[in-house]
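Notes for the one structure printed next.
Computed from the coordinates by the stated procedures, all read-outs in this text should not be read as laboratory data. No experiment lies behind these values; they were computed from the predicted model shown. Positions of Cβ are backbone-derived with ideal geometry, glycine not excepted, and every protein chain shown enters the neighbour counts.
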Amino acid sequence: MLKGLYTAYTGMLNQQNRMDIMTNNLANADTTGYKKEGATSQAFDSVMAVKIKDVTEGGSGANARRLGYVAPGVKIGENYTDYSEGSLRETGNTYDLALTDAGFFNIEFTNKAGETSTKYTRDGNFTLTTGGYLVTQDGDFVLGTNGQHIRLNPLLETSINENGVISQNGTTVATLRLTDFADYDYLEKYGENLYQTIEGATTQAVNANTQVYSGYLESSNVSVVNEMVNMISIARDYESNQKLVQTYDSSLDVTVNQLGKV
């Protein structure tokens with residue numbers, strides 16, 4: 001009977017993990033370029049099937065490793081990021097940029113220790129400093145094709161074409177550096193709407209469909225309605241497991257305090 005208690009407990013933990021992710025998605029529904037996250041989980045039968053078929057441990061017959069501690073219930077898996085595009089909204093600001101397909105802007109990020117590294121973002125809400133440098137809202141430099149800081153004349157009219165070429169008075173000043181990746185599994189969220197690579201990441205040029213739209217920003221790909229529906233479903237699943245725990249608790253109370261007196 002106690003195994004059922006722990007099974008319900010793991011179900012509650014899984015729903016709590018899903019709820020944390022859903023609430024984070026909702027909190028970032030208005031964040032420019034935000035990519036929603038999701039959660040995965042595994043049922044006990046699938047985990048056990050993998051364990052039974054695992055021939056990497058032990059041998060056969062008497063030397064085969066047993067299943068060991070059996071913990072029925074759900075196993076929380078890995079979180080994942082949905083990199084699908086968000087809709088574009090027009091702002092009319094020349095330095096607001098959006099990408100129409102796969103790819104990321106390159107940012108020179110400086111941490112609190114003064115160390116610099118290249119991060120990646122879909123958030124094209126850029127601006128000019130008083131010195132004419134193109135930066136993010138947090139003051140990090142936007143990089144050009146050669147990894148240089150992009151510096152413009154704030155007094156001149158600026159245009160940015162679909163290839164990311166920045167011109168002033170008809171003269172090319174710089175070109176935005178855009179990067180894509182062969183496998184997004186080697187990207188992780190750093191914070192501040194930035195991504196960083198992990199070991200094994202392979203960069204590649206953006207495809208021909210990727211264009212830069214000046215005067216637009218990419219909205220998050222979070223659907224508030226879908227997330228709210230998911231949250232209601234999660235809350236109900238959590239309550240079902242909670243009621244199961246309460247039922248087991250009542251049964252144990254009867255067993256210990258009433259049947260034990262007979």
Phi-based couplings in Hz for segment 17-27 (Karplus 6.51, -1.76, 1.60; Gly and Pro marked x) | 4, 5, 5, 4, 5, 4, 5, 5, 4, 5, 5
How far is helix 224-257 tilted off the main Cα axis of the chain, in degrees rounded to 10, range 0 to 90?
-> 20
Which residues' amide hydrogens lie under 5 Å from the amide hydrogen of THR175, considering only partners 5 or more residues apart or on another chain, with H built in the peptide plane?
-> THR145, ILE166
What's the long-distance tail for the chain, i.e. % of Cα pairs beyond 24 Å?
-> 62
Over segment 88-218, volume per residue of the alpha carbon convex hull, in Å³ | 111
Along segment 119-135, Karplus-curve 3J(HN,Hα) (6.51, -1.76, 1.60; θ = phi - 60°) to the nearest Hz, with x for Gly and Pro, reads 10, 10, 8, 9, 7, x, 7, 9, 8, 9, 7, 5, x, x, 7, 7, 9
Calculate how steeply helix 44-53 sits against the longest principal axis of the alpha-carbon atoms of the chain, using the helix alpha-carbon long axis, and give the answer as 0 to 90 degrees to the nearest 10.
-> 90
Sequence-distant residues sharing a close amide H with VAL206 (under 5 Å, placed H) = ASP180
Under Karplus coefficients 6.51, -1.76 and 1.60, residue-wise ³J(HN,Hα) of segment 210-218 in Hz, glycine/proline x = 6, 10, 9, 9, 7, x, 9, 10, 8
Would you pull out the residues with amide H under 5 Å of THR94's amide H, same chain only if 5 or more places away, H placed 1.01 Å from N?
-> none
CD proxy, 222 nm, the chain: helix-only mean residue ellipticity via -39,500 (n - 2.57) per DSSP H run with n ≥ 4, per residue, nearest 500, stands at -9500 deg cm²/dmol
Whole-Å distance, taken between Cα centres, linking segment 95-119 and segment 220-247 | 35
Take each of the peptides 121-129, 156-164, average the number of other beta-carbon atoms within 10 Å over its residues, and list them starting from the highest.
-> 121-129, 156-164
